[in-house]
Amino acid sequence: MNKVPCFGQPVDKFVATVSDEVYHSVHSASAIKSDKRRELLARDFPDPRRLREIAGQIKRHTLDSLDKYLPLAVASLERNGAKVHFAADGDEARRVIHQILQERGARKIVKSKSMVTEEIHLNDYLAERGIEAIETDLGEFIVQIDGDQPSHIVTPIVHKNRRQIAESFERHGLGAYNDDPETITRRARKFMRDKYLAADAGITGANFVVAETGRLVLVTNEGNSRFSLAAPRLHIALVGIEKIVPADRDLAVFLNLLVRSATGQQFTAYTEFITGPRADGQRSGPSETHVVFLDNGRSEILATEYRDILRCIRCGACLNICPVYRQASGHAYRSVYPGPIGAVLSPLLAGGDFARLADLPKACSVCGACGGDACPVCIPLSDLLLRLRDKAKREHASLSARGVPPMGGFAELAARPVLWRGALSAGRALNYFPLDLAPVPPLSRWTAARTLPEFRGGEFRRWWKKRHHE
């Protein structure tokens, strides 16, 4: 096979049907990871909360002193032989990366998993200019060949099971249907090896950048980032400016928390410390390293009351514990960043287009789970979600998401107890005389991309009245 299968559609299509199969995949995987995280932290540390507080303080200190640590990081990177670039927004980052590739004649790219490249839609931009960019993380690769979107920050295909993956591989010519996980992995490995060896450049993100030493830190479970850097002569790292930490000693805190919070593992399989291009005498590795620091709205967020969101280390723990995310899956958030973190970060990164995603903070039950012991850097997510709701109200931002029917009628109904009780009484009839409301406008706008759940309930008030009387 000489070329990658079809890459799919542009990344602005973030609506997908939440079937029962998707719901069970997301719900069970999220619950398992959340339980393992809690058990592992309690087992391995005498005071996990204190460790999380220290991590939050380090990140807060770094953000407060970013004007000090960012120039220090640049100096350290350049001392190590890396070339540093700055990009004010996604457009500039794409142009910078494309120019670097174009000047070196690079046409075949292998990519390690990177949320920030998803954020700026880099793959589509490069594909439009005739550059093949292959995702090498297995989950991201499956998302790519299906024209799908990642539904989780850490595990992008949490919404798919092995049967669906086997069907994807068969559909795109990667082998006859076989849903054995080992077979799937071996087929992906065979396809990827040729891509690694033929690549002109490797593109990565970075989990952390150490200001003191200029180390780029990559954390993976598959070793794909290591392969992406072994053969190509060029390495480009796209990094958000909030990924900086002051010193190497700080990494111990974050590396102990990141993987436990993300997947419930004690250690990740691969933690790489990259100090720049290969040195004289090294047999493999890139001869050129470029680091592109991306702002893309982060400086503006830093100057607001929402600045705590920039502490995020992209572990996904808040997604795993969130009941709304478990029910709706990541595609419902219409953004690269789903779940509670996405409900805060995505509208803020939208900048002047805040109104387009202003409804996301409303996708929250305010249960407080994500603001409890879930976040490894103690981000007050519940508080930030409430502040963004207030911002949307003050700015009269639209709270009607694409494909969602107007909620004015529901608001009127919910504000009048007599009408509400009457509607509930009418709704109870659906328990005995089912009626398919999916094709009925305006519900049809919503159900075109989602499965309307079966009506259940309508008995609570009767039960409560009886219980109170008894």
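The values are calculated or read from the model by the stated rules, or taken from the named source; none is laboratory data. Source: prediction; values computed, not measured. Cβ atoms come from the backbone with ideal geometry, glycine included; neighbour counts cover every protein chain shown.
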### Query
Does segment 131-142 hold any residues that are surrounded by 22 or more Cβ atoms within 10 Å (Cβ to Cβ) and part of a loop (DSSP other than H, G, I, E, B), and which are they?
T136, D137
### Task
Filter segment 169-220 for residues that are of a type in the set (G, A, S) and within 22 Å of S114 (Cα to Cα) and give the result.
A188, A198, A199, A201, G202, G205, A206, A211, G214
### Message
Under 9 Å between Cβ atoms, which residue pairs at least 6 apart in sequence (or on different chains) link something in segment 74-100 that is of a type in the set (F, W, Y) with a partner that is in a helix (DSSP H, G or I) and modelled with pLDDT of 95 or more?
### Response
F86/V74; F86/E92; F86/V96; F86/I241
### Task
Identify, by number, the condition in (1) over 25 Å from I97 (Cβ atoms); (2) aliphatic (A, V, I, L, M); (3) buried (at least 18 other Cβ atoms within 10 Å of the Cβ); (4) in contact (Cβ under 8 Å) with a residue 24 or more places away in the chain that I165 doesn't meet.
(4)
### Query
Do we find a residue being more than 23 Å from G264 (Cβ to Cβ), among the hydrophobic types (A, V, I, L, M, F, W, C) and not in a strand (DSSP E or B) anywhere in segment 143-158?
yes
#### Entry: Criterion violated by A279 - all others in (1) among the aliphatic types (A, V, I, L, M); (2) part of a loop (DSSP other than H, G, I, E, B); (3) buried (at least 17 other Cβ atoms within 10 Å of the Cβ) satisfied
(3)
### Task
Sort through D67, D44 and tell me the only one that's surrounded by fewer than 17 Cβ atoms within 10 Å (Cβ to Cβ), in contact (Cβ under 8 Å) with a residue 60 or more places away in the chain and out of contact with any Leu (no Cβ under 6 Å at 6 or more places or on another chain).
D44
### Task
Restrict the check to segment 187-198 and report whether at least one residue is buried (at least 22 other Cβ atoms within 10 Å of the Cβ) and either of a type outside the set (S, T, Y) or farther than 30 Å from D250 by Cα (or both).
no
### Residue among Q149, Q144 that alone is touching an Asp or Glu at 6+ places or on another chain (Cβ under 8 Å) and not charged (D, E, K, R)
Q144
### Task
May I ask you to list the residues in segment 230-267 that are farther than 15 Å from R60 by Cα, surrounded by fewer than 24 Cβ atoms within 10 Å (Cβ to Cβ) and among the charged types (D, E, K, R)?
R233, D248, R249
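Matching residues to (1) farther than 12 Å from P286 by Cα; (2) without any contact (Cβ under 8 Å) to a residue 60 or more places away in the chain:
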residue: A211; (1), (2): yes, no
residue: L216; (1), (2): yes, no
residue: V219; (1), (2): yes, yes
residue: G223; (1), (2): yes, yes
residue: S228; (1), (2): no, no
residue: I236; (1), (2): no, no
residue: K243; (1), (2): yes, yes
residue: L251; (1), (2): yes, yes
residue: F254; (1), (2): yes, no
### Message
I'd like the residue in segment 213-263 that is among the basic types (K, R) and part of a loop (DSSP other than H, G, I, E, B) and, out of all such residues, is farthest from the chain's Cα centre (by Cα).
### Response
R233
### Task
Would you be able to say whether some residue in segment 180-188 is part of a loop (DSSP other than H, G, I, E, B), of a type in the set (G, A, S) and in contact (Cβ under 8 Å) with a residue 40 or more places away in the chain?
no
#### Entry: Qualifying positions in segment 23-73 - closer than 28 Å to I241 by Cα and aromatic (F, W, Y)
Y69
### Query
Residues that are surrounded by 24 or more Cβ atoms within 10 Å (Cβ to Cβ): which helices (runs of 4 or more DSSP H) entirely in segment 314-361 hold 3 or more of them?
317-321, 339-349
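Does I301 qualify as being crowded, with 19+ Cβ neighbours inside 10 Å, of a type outside the set (D, E), over 18 Å from S151 (Cα atoms) and within 19 Å of the chain's Cα centre (by Cα)?
Criteria met by I301.
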### Message
So, T204, is that one surrounded by 21 or more Cβ atoms within 10 Å (Cβ to Cβ), of a type in the set (S, T, Y) and modelled with pLDDT of 95 or more or not?
### Response
yes
